[in-house]
Amino acid sequence: MKPRIIFLWIVLAACSPDKKNEESGVNICPDLQWLEAIKTSIVQSGVKGEIYLTRYNGTRAFEINPCVTGCADAMTTIQDCEGKILCRIGGIAGFSCPGYAPTPAERTLFWKN
């Protein structure tokens, strides 16, 4: 029994929640401080936001919707692992991302509040 407890403790200790997808536990990017700042901003604004892990033009990316409902002309951004904006969707100007039409299987919920 004792070896099982030690093994379980080692496995749990190795699985730090930092920089991991909250759903799958897979390491996705080396430094997500920029994304933490966006999450904090969404929470502080008092609206509901969502972040999905996806791909854009073959690059691992995040689809960031800072206001899911109730925000006129809210803009969704597609950003790479370093936080660089690759594309914008929506907004008053009606931005779109050419070639970006992921299926549900190609988007994984990473975070929502």
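The values are calculated or read from the model by the stated rules, or taken from the named source; none is laboratory data. Since the model is a prediction, treat every value here as computed from it, not as a measurement. As a convention, Cβ positions derive from the backbone with ideal geometry for all residues, glycine included, and neighbour counts pool all protein chains shown.
Among the residues of segment 84-113, those identified as surrounded by 15 or more Cβ atoms within 10 Å (Cβ to Cβ) and of a type in the set (Phe, Trp, Tyr) are 100, 110, 111. Among the residues of segment 38-83, what is the count of those that are within 18 Å of residue 99 (Cβ to Cβ), at pLDDT 90 or above, among the polar types (S, T, N, Q) and assigned to a strand (DSSP E or B)? Counting residues in segment 38-83 that are within 18 Å of residue 99 (Cβ to Cβ), at pLDDT 90 or above, among the polar types (S, T, N, Q) and assigned to a strand (DSSP E or B) gives 4.
Restricting to segment 18-37, give me the number of residues that are among the polar types (S, T, N, Q) and at pLDDT 85 or above. Break it down into steps so the answer makes sense when it comes.
At the first step, the residues of segment 18-37 found to be among the polar types (S, T, N, Q) are 21, 24, 27, 33.
If we keep only those that are at pLDDT 85 or above as well, we get 33.
Of the residues in segment 18-37, 1 are among the polar types (S, T, N, Q) and at pLDDT 85 or above.
Sort out which residues of segment 60-113 are of a type in the set (Phe, Trp, Tyr), touching a residue at least 40 places away in the same chain (Cβ under 8 Å) and more than 16 Å from residue 32 (Cβ to Cβ), and write them in order of number. Explain how you work it out, then say what you get.
Taking segment 60-113 as the starting set, the residues that turn out to be of a type in the set (Phe, Trp, Tyr) are 62, 95, 100, 110-111.
From what's left, touching a residue at least 40 places away in the same chain (Cβ under 8 Å): 62, 100, 110-111.
Within segment 60-113, 100 is the sole residue that qualifies.
Within the bounds of segment 79-89, is there any residue that is more than 11 Å from the chain's Cα centre (by Cα) and among the basic types (Lys, Arg)? Among the residues of segment 79-89, at least one is more than 11 Å from the chain's Cα centre (by Cα) and among the basic types (Lys, Arg), which makes the answer yes. Got at least one residue in segment 95-107 being among the charged types (D, E, K, R) and either in contact with a helix residue (DSSP H, G or I) (Cβ under 8 Å, 6 or more places away or on another chain) or in a strand (DSSP E or B) (or both)? Scanning segment 95-107 turns up no residue that is among the charged types (D, E, K, R) and either in contact with a helix residue (DSSP H, G or I) (Cβ under 8 Å, 6 or more places away or on another chain) or in a strand (DSSP E or B) (or both).
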